[in-house]
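Asks: The structure's right below; bear with me while I get my questions together.
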Amino acid sequence: METTLEKIDLAIKIGENIKKTRKAKGLNQSQLAKACGMDRQHMEKIENAKVSANIYTLYVISEALKVKMAELVNV
């Protein structure tokens, strides 16, 4: 059974992947958030693992970044 710590570690790694990819694409949080239809504060929370993104949100982020979702969840 997965522990809470493992879930937090997973959210941290996904957040790091999103942030790294966003920066590589030359986008700031506000630009990415707008492209995803969310506010910057929510994007910040996802990148900093304060909230876990659901599968649909990860899909939307991957589409906005023009990468495969697997790149974002590659841990």
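Bear in mind that the values in this text are calculations on the coordinates, not laboratory data. Note that the structure is predicted; figures quoted are calculated from it, not measured. Cβ atoms come from the backbone with ideal geometry, glycine included; neighbour counts cover every protein chain shown.
Asks: State all residues of segment 24-62 that are under 13 Å from Leu72 (Cα atoms) and among the β-branched types (Val, Ile, Thr); if no residue qualifies, say none.
Replies: Ile46, Ile55, Thr57, Val60, Ile61
Asks: A follow-up question, please. Considering only segment 40-49, state which residues are within 14 Å of Ala64 (Cβ to Cβ), among the charged types (D, E, K, R) and without any contact (Cβ under 8 Å) to a residue 24 or more places away in the chain. Spell out the reasoning first.
Replies: Pass one, segment 40-49, residues within 14 Å of Ala64 (Cβ to Cβ): 40, 42-43, 46-47.
The next check asks that each one be among the charged types (D, E, K, R); those that pass are 40, 47.
Matches in segment 40-49: Arg40 only.
Asks: Taking only pairs six or more apart or across chains, which ones have beta-carbon atoms under 6 Å, a first residue in segment 13-35 that is under 14 Å from Ile46 (Cα atoms), and a second residue that is among the basic types (Lys, Arg) and surrounded by 15 or more Cβ atoms within 10 Å (Cβ to Cβ)?
Replies: Close Cβ pairs satisfying both conditions: Leu32/Arg22.
Asks: Pick from segment 25-75 the residues that are of a type in the set (S, T, N, Q) and more than 10 Å from the chain's Cα centre (by Cα): which of them is nearest to Lys7 (Cα to Cα)? Quick ask: steps written out before the conclusion?
Replies: To start, the set of residues in segment 25-75 that are of a type in the set (S, T, N, Q) comprises 28-31, 41, 48, 52, 54, 57, 62, 74.
Of the ones still in play, those that are also more than 10 Å from the chain's Cα centre (by Cα) are 28-31, 41, 74.
Details: Asn28: 26, Gln29: 23, Ser30: 26, Gln31: 27, Gln41: 21, Asn74: 14 Å.
Taking the candidates together, the pick is Asn74.
Asks: Exactly one of (1) surrounded by 13 or more Cβ atoms within 10 Å (Cβ to Cβ); (2) part of a helix (DSSP H, G or I); (3) of a type in the set (A, V, I, L, M, F, W, C) is unmet by Met38. Its number?
Replies: Of the numbered conditions (1) surrounded by 13 or more Cβ atoms within 10 Å (Cβ to Cβ); (2) part of a helix (DSSP H, G or I); (3) of a type in the set (A, V, I, L, M, F, W, C), the odd one out for Met38 is (2).
Asks: Next question, about the same structure. State all residues of segment 42-75 that are outside any helix (DSSP H, G or I), more than 12 Å from Ala11 (Cβ to Cβ) and not charged (D, E, K, R); if no residue qualifies, say none. Give the derivation first.
Replies: Our first condition is that a residue be outside any helix (DSSP H, G or I); within segment 42-75, this holds for 48-54, 66-68, 74-75.
From the residues that got through so far, the ones that are more than 12 Å from Ala11 (Cβ to Cβ) too are 66-68, 74.
Correct list: Val67, Asn74.
Asks: Of the numbered conditions (1) in a helix (DSSP H, G or I); (2) surrounded by 13 or more Cβ atoms within 10 Å (Cβ to Cβ); (3) not charged (D, E, K, R), Ile8 satisfies every one except a single condition; which is it?
Replies: Exception for Ile8: condition (2).
Asks: Filter segment 66-75 down to the residues that are surrounded by 14 or more Cβ atoms within 10 Å (Cβ to Cβ) and either of a type in the set (D, E, K, R) or out of contact with any Leu (no Cβ under 7 Å at 6 or more places or on another chain) (or both) and list them by number. Step through it out loud before you land on a result.
Replies: Of segment 66-75, the ones surrounded by 14 or more Cβ atoms within 10 Å (Cβ to Cβ) are 67, 69, 72-73.
Scanning segment 66-75 gives a single hit, Val67.
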